[in-house]
Every structure is written in structure tokens, then in C-alpha cells.
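Visitor: Below: one structure in C-alpha cells.
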Amino acid sequence: MKKIVVISDSFKGSLSSKEILNIFQEVKEEYLPNVIIKSFPIADGGEGTVEAFSSFQKGQIVNIRVHDSYMNMIDTKYFINEDNEAIIEIASSSALTQVKNNKDPSKTSTYGIGEQIKDAIKRGVKKIYIGLGGSSTNDMGVGASCALSTIFYNQNNKPFIPVGGTLKDIVSYDDSETKKLLKGVEIICLSDVNNVTYGPDGASFVYAKQKGADEAMIKMLDDGLKHLSSLIYNISNIDVSNLPKGGAAGAFGAGSYAFLNAKLKSGIDTILQLLHFEDEIKDADYIFTGEGKIDYQTLKGKAIYGIAKIANKHRVPLICICGLVDSSINQDNLKELGIIKAISISEGYDVNYSMTHAKDLYKSHLIKIIKDLK
């Protein structure tokens, strides 16, 4: 064994991508002294996207004070690289993990994302990447659009800032000032899912429950997305109803496509291209990857899926170390992707123990795998 490529996503709440890479360096000293370890922290468009970009690009972190998903002021940050391109995470101001109690996607907003976009434009940025994973919102990006000067009107012809629960109250909008503001600016939204805007496979029915919605609220939120999609078509002749990735981040994908003229791309595919990942793995003996949980969503565009496609193309064996491998996952499907092992570090332990001892569990499983490979 001469070379191992390590490219793992974070385990949310327990291990960052960077911490996982540090574990490999610790293990290398004792067990792999003569093996080259080439490592990359990555993300698929969710939390950690800014860290991933800033790890392989030169630039500066911009600290900024914006509104969070409940319109409270918070301190957050985004990244501007040396090519004057901005990288922003929707989770930086509208993260599900920031909401501890009383989660309610009918009341949350993406306004803070718009504030970050506006700040980047003031700094002369002409290209903006937005990572769409991990949001607490279901507002179809109207909050961000409001921060960028789109005006939404209710039935009394009064302007207001809609949230997920009040999308149904929008009767018209004026996005002319937003178009002026964004003239010459390219916005690329990075998504880790392919869900459409609304319906059974849309933002509300698939993701709103984990954001705090019950069945009645899910239906109400979905109706709001459907209403605004119809309005967008009637006013702007833009159809977002069945837009792939339109359902990402509470349908921010669809809203950004309609109001910000954004392009929707695979987060992991975009990052792997920027990393020149294919070139890096051609002489590798193994690739190690992982994320918090492998489940049915993994095979719909998340980090492991994107990495596996390229690994399989070049016939480099792929090993996944994850927090949890869902019981519904068909091991044959993983093998078809070239994944020779999928290890759950939490197997045999409860959630709390696994979260608090994630580093030790990860390290012990890694050492065992390496011993087996020798």
C-alpha cells in the first residue's frame, strides 16, 4: 500500500471533517509510516461547505452580523476566495442545528442569507456559491429575496416579509430592484438532494418533519409552496413546480432559481471538480470517506454518492466509515458503487455515547480496518 486518499464529510454534532482528517494523521504515524495520506475536508453543500472551500482555496473569511431564521441578530461568516468568489452556507444563518427548542418551519426565514449575498455584492463579488444543506426553513427563499429588495404584497396590497406559513398570503411581488442588484452576478446553489419543490417528493413532505412540523403543518407548508410556484409562473412565466433540486433547503432552490436567477448544481460534484479529485485518486490504493449517516438519501446526491461514482470509474476501492449505516440500506447497492466496506462506529452503542465518544470509536475502527488491509 502506497497511497490513501481521505475525503470525509462531517458527522454533524460530533466530528468535523477536519477532525476526521486529523485522526488519520495520528494513525498514520504508528500504523502507516510509509504510506502517503492525501486528505481533503469536503461537504456536499451543507454545513462545512465554507470550511471545505477555504481548505483548498486561498482567500479571506468575512465576519458579518445578520438575522437568523427567527430574525434575531447573530454573528456568522462566509468566505471570499482569491478569485473574488463568495462561498456562503445557508446553515450559517438559518441552520436547523441552531434551533434548540420549539422548532417551527412555518415561522423561519432565509433573510440572513440575502444579507450575506448583499454584503458580498457590495465587496465587488461577481460569483457566489451557496451551500443549501441543513436549513431550518421552508420559505422558498423569499426571506433572502426580501433582503435583496424583492417586495411581496398581501391581499391588502401591503408589503411584508413572508415565512413558510404565510407564503399563501402572497398575491403579487416586484423583483425589479433585485434584478438590478444582481445584474452581472452569477449565483450557484449547491445541493445535496434532488427533490422537487412541492408534492410527495418536495421540500415540505420530505424534510419539514425533522424541522418541527406535524402532519397538518406539512400540508399547509406544501400548499404554500404550491401557491407561490403558481404565482411565479403566472407573473414571471418561470416553472419551478418539478424543478430538480428545487426542494432543497425548504425550497430555497426553487426560489433562488426564480428570483435570483440561480443555477442549481450538485454540491459534491462541484467541489470534487474544483479539487481535481479524479487526478488525485488515479494512483491511490484506497479511498476512505464517510458521513454521519448512510441512508436512502445518500444515494440521491450526497457526498458519498458523488465520491463513489468517481472511485468506481477508476476502480479504486472505497471504504466508508460512518456514524450510522441505516438498516434499510441494501449492501449490494453499495457494492455496485464500489464501496467494499461500510462501517458504523455507533453499532452496539446508544446515540449519546456514540456522539460523545465519536473520536475514540472512529479511531479504533480505523485501526482495525488498516490492520485487516495489510
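The values are calculated or read from the model by the stated rules, or taken from the named source; none is laboratory data. Predicted model, so just to flag it, every value in this text is computed and none were measured. Using ideal geometry, Cβ is built from the backbone for each residue, glycine included, and neighbour counts are taken over all protein chains shown. Heavy atoms of the whole protein, side chains included, go into the accessibility calculation; ligands, DNA and RNA do not. Shrake-Rupley method; radii C 1.70, N 1.55, O 1.52, S 1.80 Å.
One line per residue, one yes/no per condition, for (1) farther than 24 Å from H276 by Cα; (2) of a type in the set (G, A, S):
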{"residue": "A303", "(1), (2)": "no, yes"}
{"residue": "G306", "(1), (2)": "no, yes"}
{"residue": "H314", "(1), (2)": "no, no"}
{"residue": "L318", "(1), (2)": "no, no"}
{"residue": "V325", "(1), (2)": "yes, no"}
{"residue": "N330", "(1), (2)": "yes, no"}
{"residue": "A342", "(1), (2)": "yes, yes"}
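Visitor: Which helices (runs of 4 or more DSSP H) does segment 159-272 wholly contain that include 3 or more residues that are among the acidic types (D, E)? Write out each step before concluding.
Guide: Values: elements: 176-181, 203-207, 215-236, 248-259.
Ranges flagged: 215-236.
Visitor: Among all residue pairs at least 6 apart or on different chains, which show Cβ distances below 6 Å where the first residue, located in segment 124-136, is closer than 8 Å to E89 by Cβ and the second is of a type in the set (S, T, N, Q) and modelled with pLDDT under 95?
Guide: Partner pairs satisfying both residue conditions: G131/T49.
Visitor: Just give me the residues in segment 93-143 being of a type in the set (S, T, N, Q), over 19 Å from the mean Cα position of the chain (by Cα) and modelled with pLDDT of 95 or more, in sequence order. Spell out the reasoning first.
Guide: Just the residues of segment 93-143 that are of a type in the set (S, T, N, Q), to begin with: 93-94, 97-98, 101-102, 106, 108-110, 116, 135-138.
Filter again for over 19 Å from the mean Cα position of the chain (by Cα), leaving 101-102, 106.
Hit for segment 93-143 is S106, nothing else.
Visitor: Further question on the same structure: Please tell me if G290 is small (G, A, S) and within 19 Å of E47 (Cβ to Cβ).
Guide: Working: small (G, A, S): yes; within 19 Å of E47 (Cβ to Cβ): yes.
Yes, satisfied.
Visitor: For the condition touching a Phe, Trp or Tyr at 6+ places or on another chain (Cβ under 6 Å) and either at pLDDT 95 or above or open to solvent by 10 Å² or more (accessible area, probe 1.4 Å) (or both), what is the one hit in N154, N81?
Guide: Details: N81 fails: touching a Phe, Trp or Tyr at 6+ places or on another chain (Cβ under 6 Å).
After ruling out the rest, the residue left standing is N154.
Visitor: Checking Y257 against (1) open to solvent by 70 Å² or more (accessible area, probe 1.4 Å); (2) over 21 Å from S92 (Cα atoms), only one condition comes out false. Which one?
Guide: So the condition that Y257 fails would be (2).
Visitor: Further question: Condition (residue is open to solvent by less than 30 Å² (accessible area, probe 1.4 Å), farther than 30 Å from G212 by Cα and over 21 Å from the mean Cα position of the chain (by Cα)) applied to segment 33-51: is it met by at least one residue?
Guide: yes
Visitor: Something else about it: Considering only segment 292-305, state which residues are part of a loop (DSSP other than H, G, I, E, B) and open to solvent by less than 50 Å² (accessible area, probe 1.4 Å).
Guide: Looking only at segment 292-305, we keep the residues that are part of a loop (DSSP other than H, G, I, E, B), and these are 292, 295-297, 301-302.
Correct list: G292, D295, Q297, G301, K302.
Visitor: Only one of I113, I161, I170 is buried (at least 24 other Cβ atoms within 10 Å of the Cβ) and hydrophobic (A, V, I, L, M, F, W, C); which?
Guide: Answer to the selection: I113.
Visitor: Next question, about the same structure. Residues being touching a residue at least 40 places away in the same chain (Cβ under 8 Å) and either of a type in the set (V, I, T) or open to solvent by less than 20 Å² (accessible area, probe 1.4 Å) (or both): count how many of those fall in segment 200-227.
Guide: Initial filter on segment 200-227 (touching a residue at least 40 places away in the same chain (Cβ under 8 Å)): 201-204, 206-208, 210-213, 217, 220-221, 223-225, 227.
Keeping just the survivors that are either of a type in the set (V, I, T) or open to solvent by less than 20 Å² (accessible area, probe 1.4 Å) (or both) gives 202-204, 206, 208, 211, 213, 221, 224-225.
The number of residues fulfilling the criteria is 10.
Visitor: So, of the residues in segment 275-291 that are in a helix (DSSP H, G or I) and hydrophobic (A, V, I, L, M, F, W, C), which turns out to be surrounded by the most Cβ atoms within 10 Å (Cβ to Cβ)? Walk me through how you get there before you give the answer.
Guide: Step one: filter segment 275-291 for residues in a helix (DSSP H, G or I), giving 275, 277-281.
Okay, now just the ones that are also hydrophobic (A, V, I, L, M, F, W, C), so 275, 277, 281.
Values: L275: 18, F277: 21, I281: 23.
Among those residues, the one meeting the criterion is I281.
Visitor: So G184 ticks every box in (1) open to solvent by 10 Å² or more (accessible area, probe 1.4 Å); (2) more than 24 Å from Q116 (Cβ to Cβ); (3) not charged (D, E, K, R) but one. Which box is left unticked?
Guide: Failed condition: (2).
Visitor: Just one of the numbered conditions (1) touching an Asp or Glu at 6+ places or on another chain (Cβ under 9 Å); (2) buried (at least 24 other Cβ atoms within 10 Å of the Cβ) is not true of G134; which one?
Guide: (2)
Visitor: Right, another one. Which count do you get for residues in segment 348-362 that are farther than 30 Å from K313 by Cβ and either outside any helix (DSSP H, G or I) or touching a residue at least 60 places away in the same chain (Cβ under 8 Å) (or both)?
Guide: First pass over segment 348-362, keeping only residues farther than 30 Å from K313 by Cβ: 348-361.
Narrowing the set further to residues that are either outside any helix (DSSP H, G or I) or touching a residue at least 60 places away in the same chain (Cβ under 8 Å) (or both) leaves 348-350, 354-359.
Number satisfying all stated conditions: 9.
Visitor: Turning to a different aspect of this structure: Quick one: how many residues across segment 5-30 are open to solvent by 50 Å² or more (accessible area, probe 1.4 Å), in contact (Cβ under 8 Å) with a residue 12 or more places away in the chain and farther than 20 Å from V351 by Cβ? Don't jump to the end; show me each part of the working.
Guide: As a first pass, look at segment 5-30 and keep what is open to solvent by 50 Å² or more (accessible area, probe 1.4 Å): 12-13, 18-19, 22, 25-26, 29-30.
Of the ones still in play, those that are also in contact (Cβ under 8 Å) with a residue 12 or more places away in the chain are 12-13, 18-19, 25-26.
The next check asks that each one be farther than 20 Å from V351 by Cβ; those that pass are 18, 25-26.
Residues in segment 5-30 being open to solvent by 50 Å² or more (accessible area, probe 1.4 Å), in contact (Cβ under 8 Å) with a residue 12 or more places away in the chain and farther than 20 Å from V351 by Cβ: 3 in total.
Visitor: Residues in segment 311-323: is at least one at negative phi, in a helix (DSSP H, G or I) and surrounded by 13 or more Cβ atoms within 10 Å (Cβ to Cβ)?
Guide: Yes, segment 311-323 contains at least one residue that is at negative phi, in a helix (DSSP H, G or I) and surrounded by 13 or more Cβ atoms within 10 Å (Cβ to Cβ).
Visitor: What are the pairs with Cβ atoms under 9 angstrom where one residue, in segment 53-69, is among the hydroxyl-bearing types (S, T, Y) and the other, located anywhere, is open to solvent by 60 Å² or more (accessible area, probe 1.4 Å) and modelled with pLDDT under 95? Sequence gap at least six, or different chains.
Guide: Matching pairs, first to second residue: S55/K18; S69/Q98.
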